[in-house]
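Trainee: Can you read through this structure? Questions will come right after.
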Amino acid sequence: MTRKVTVSLPDDVAERLASERNVSSFVTDAIRRRMSHEKTMELLARAGYAIDDDAMDDAFAEVQDAERTMTASLRRHAQELLEAGRRPPR
């Protein structure tokens, strides 16, 4: 079953949606992803891992920093391990 819903959007978001062939599908996918994220965060909180937006931003910044400083040699080695189905040692 589906239901028609009318929403008001900022101009930049409305312009982005205008480029979509199937706006309903695009919006449905985005909302389902958000719902999945919320469920994951709820499960983590119940398990004792309260992760807020600041912690997520900090973790993302750490990953970006690590990617920037990773050498080409280390990147190749990591790719080889992934292709071999092995995890790198900790």
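The values are calculated or read from the model by the stated rules, or taken from the named source; none is laboratory data. Remember, predicted model here, so these are calculated numbers, not experimental data. A quick note on method: Cβ atoms are made from the backbone with ideal geometry, for glycine too, and the neighbour counts reach across all protein chains shown.
Trainee: Given the conditions (1) of a type outside the set (D, E, K, R); (2) surrounded by 10 or more Cβ atoms within 10 Å (Cβ to Cβ); (3) outside any helix (DSSP H, G or I), which single one is not true for GLY48?
Mentor: Unmet for GLY48, out of (1) of a type outside the set (D, E, K, R); (2) surrounded by 10 or more Cβ atoms within 10 Å (Cβ to Cβ); (3) outside any helix (DSSP H, G or I): (2).
Trainee: Just one of (1) part of a helix (DSSP H, G or I); (2) in contact with a helix residue (DSSP H, G or I) (Cβ under 7 Å, 6 or more places away or on another chain); (3) charged (D, E, K, R) trips up ASP12, so point out which.
Mentor: Only one criterion is unmet by ASP12, namely (2).
Trainee: Under 14 Å from the mean Cα position of the chain (by Cα) and part of a helix (DSSP H, G or I), is that true of ASP57?
Mentor: Judged against the criteria, ASP57 is a match.
Trainee: A further question follows. In this structure, is GLU62 of a type outside the set (Val, Ile, Thr), surrounded by 10 or more Cβ atoms within 10 Å (Cβ to Cβ) and over 30 Å from ARG75 (Cβ atoms)?
Mentor: When the stated conditions are applied, GLU62 does not pass them.
Trainee: Among (1) surrounded by 11 or more Cβ atoms within 10 Å (Cβ to Cβ); (2) at pLDDT 95 or above; (3) more than 16 Å from the chain's Cα centre (by Cα); (4) not basic (Lys, Arg), there is one condition ASP29 misses while meeting the rest; what is its number?
Mentor: So the condition that ASP29 fails would be (3).
Trainee: Here is a list of conditions, (1) modelled with pLDDT of 90 or more; (2) exposed (fewer than 10 other Cβ atoms within 10 Å of the Cβ), and SER73 meets all of them except one; can you say which number that is?
Mentor: Of everything listed in (1) modelled with pLDDT of 90 or more; (2) exposed (fewer than 10 other Cβ atoms within 10 Å of the Cβ), SER73 misses just condition (1).
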